[in-house]
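A.B. asks: The structure under discussion is supplied below as structure tokens; questions concerning it will follow.
No value in this document is a laboratory result; all are computed from the given coordinates. In this text the structure is predicted, and so the values were computed from the model without any measurement. We place every Cβ from the backbone using ideal geometry, glycine too, and count neighbours over all the protein chains shown.
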Amino acid sequence: MPNPHELVASEPAGQTAKPRNARSKAPVFVLGCGRSGTKFLYHTLLSAGGFAVYHAESNAFNLLGLRFGNLAHRGNRRRLLDEYYTSKLFHRTGLDPKDIDERVMRDCHNTGEFLRIVMEAIARKQGVDRWAETTPLHLLFLPLIKKLIPDAVVIHIIRDGRDVTASLHRIGWIRPLPWDRARAFLVPAIYWRWVVSKGRRDGQALGPDYMEVHYEDLVQNPRQTLARIGQFIHHDLDYDRIQQVALGSVHNPNSSFRGDGKETEANTIGRWKKMFTAPQVRDVESSLGTLLVDTGYVLETPPSERRSPFAVHFMNFLYPLYFDLKIWLKSHTPLARIADKRRMGIAESDAKSQ
């Protein structure tokens, strides 16, 4: 059986090599709200070949860059590396500390340079010259990413906010404030609206280096959708090759409903219709507002029935402010220095579960 890493690292068979331009080597950021198919699209790109294979989220901007402070200071770089080397984030790179230590200590002055050094080292070790990254929360850091990695291109994958709400509610990632537990299912909906709205606003400011892709299009019309993505990133995304290599979630869907029988990406579409009652659908669609329509989805609730209780309207007002405050506190206060060992994978029990 062929080695998947060898399949991914090589160029597609039977094709004549073409001259490479700057776009064809640019880093690709596959981003979106959690549970929107970011990992599926990322693994699809890796399965196409020519990208460094890294089975983890880098957490560079949303965790490492905040936790270790200004990397222009040598002491901060040393602290970052010493802790990074003990984490699953590093273990999954397949690197040895000597592959990056000297260059980080000498040349790294910010989070973007750190991520580039690490990913380029992985690419060199695997014999490829391109890398991609897929930490969903990086969608909240697009202006900074583009400032520090100017050649980066961004693919924002958008999935029906009602399906994202169902998935996030099922796994309990986005928790309500204590007094909103009876309407806990609404908080993921408001979170989706907040993340996707910010991502679209910041992304569209990037002009031709930003594109939006619908998860449903990727699943239901993969060849056409991959052709469009391939044209955008200047990379051959051959569907048959991708299905042959099938790394990660291309082979094993990353679903929060995996216990409900045989999982495929196709049967993840429209699952919200079975999960929510009619009043819950009404409140979810009220919370998602016009963004659901603006991103191409059709509302289920008739216009005459879209009036929600005052409590729902208040949640729609309060939670975006709450989410803004949390990200501001992490970015501008010492709270960012608090260790998050589970997210870095330093805790022994966490490392063994992977």
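A.B. asks: Amide H to amide H under 5 Å from VAL213: which residues, 5+ apart in sequence or cross-chain, H placed 1.01 Å off N in plane?
C.D. replies: Correct list: HIS156, ILE157, ILE158.
A.B. asks: Here's another thing I want to ask about it. Give me the net charge of PRO143's neighbourhood, meaning all other residues with Cβ under 14 Å from the Cβ of PRO143; Lys, Arg count +1, Asp, Glu -1.
C.D. replies: Details: positive: LYS146, LYS147, LYS198, ARG200, ARG201; negative: ASP202, ASP209.
So the surrounding residues net to +3.
A.B. asks: A further question follows. Within the set of other residues whose C-beta is less than 13 Å from the C-beta of LEU288, count the net charge using Lys and Arg as +1 and Asp and Glu as -1. Intermediate results must be reported in sequence, preceding the final value.
C.D. replies: Details: positive: ARG159, ARG162, ARG193, ARG282, ARG306; negative: ASP160, ASP163, ASP283, GLU285, ASP294, GLU300.
Net local charge, LEU288 excluded: -1.
A.B. asks: Take the Cβ-Cβ distance between ASP240 and ALA311 as r, set R0 to 51 Å, and report the resulting FRET efficiency rounded to the nearest 0.05.
C.D. replies: Details: r = 51 Å, r/R0 = 1.01.
Calculated value: 0.50.
A.B. asks: While we're on this one: Which links in LYS39/LYS147; LYS39/LYS273; LYS146/LYS326; LYS125/LYS198; LYS98/LYS330; LYS88/LYS125 stretch past 28 Å when you go from one Cα to the other?
C.D. replies: LYS125/LYS198; LYS98/LYS330
A.B. asks: A follow-up question, please. Once phi is turned into θ = phi - 60°, what whole-Hz ³J(HN,Hα) does the Karplus curve with 6.51, -1.76 and 1.60 give for every residue of the range 219-228, x standing for Gly and Pro?
C.D. replies: Karplus values, whole Hz, x for Gly and Pro: 7, 8, 9, x, 5, 5, 5, 5, 5, 5.
A.B. asks: Trypsin sites (Lys or Arg not before Pro), restricted to the range 293-336: which are DSSP loop and have at most 16 other Cβ atoms within 10 Å?
C.D. replies: On the way: sites: ARG306, ARG307, LYS326, LYS330; in loops: ARG306, ARG307.
For trypsin sites (Lys or Arg not before Pro) across the range 293-336 that sit outside H, G, I, E and B with at most 16 neighbouring Cβ atoms in 10 Å, the list reads ARG306, ARG307.
A.B. asks: Between beta-carbons, use under 11 Å as the cut-off and find the net charge around THR165, counting Lys and Arg +1, Asp and Glu -1.
C.D. replies: On the way: positive: ARG35, ARG159, ARG162, ARG170, ARG193, ARG271; negative: ASP160, ASP163, ASP283, GLU285.
That works out to +2.
A.B. asks: Taking Cα centroids, how far is the range 106-168 from the range 177-192 in Å?
C.D. replies: What the calculation gives is 29 Å, centre to centre.
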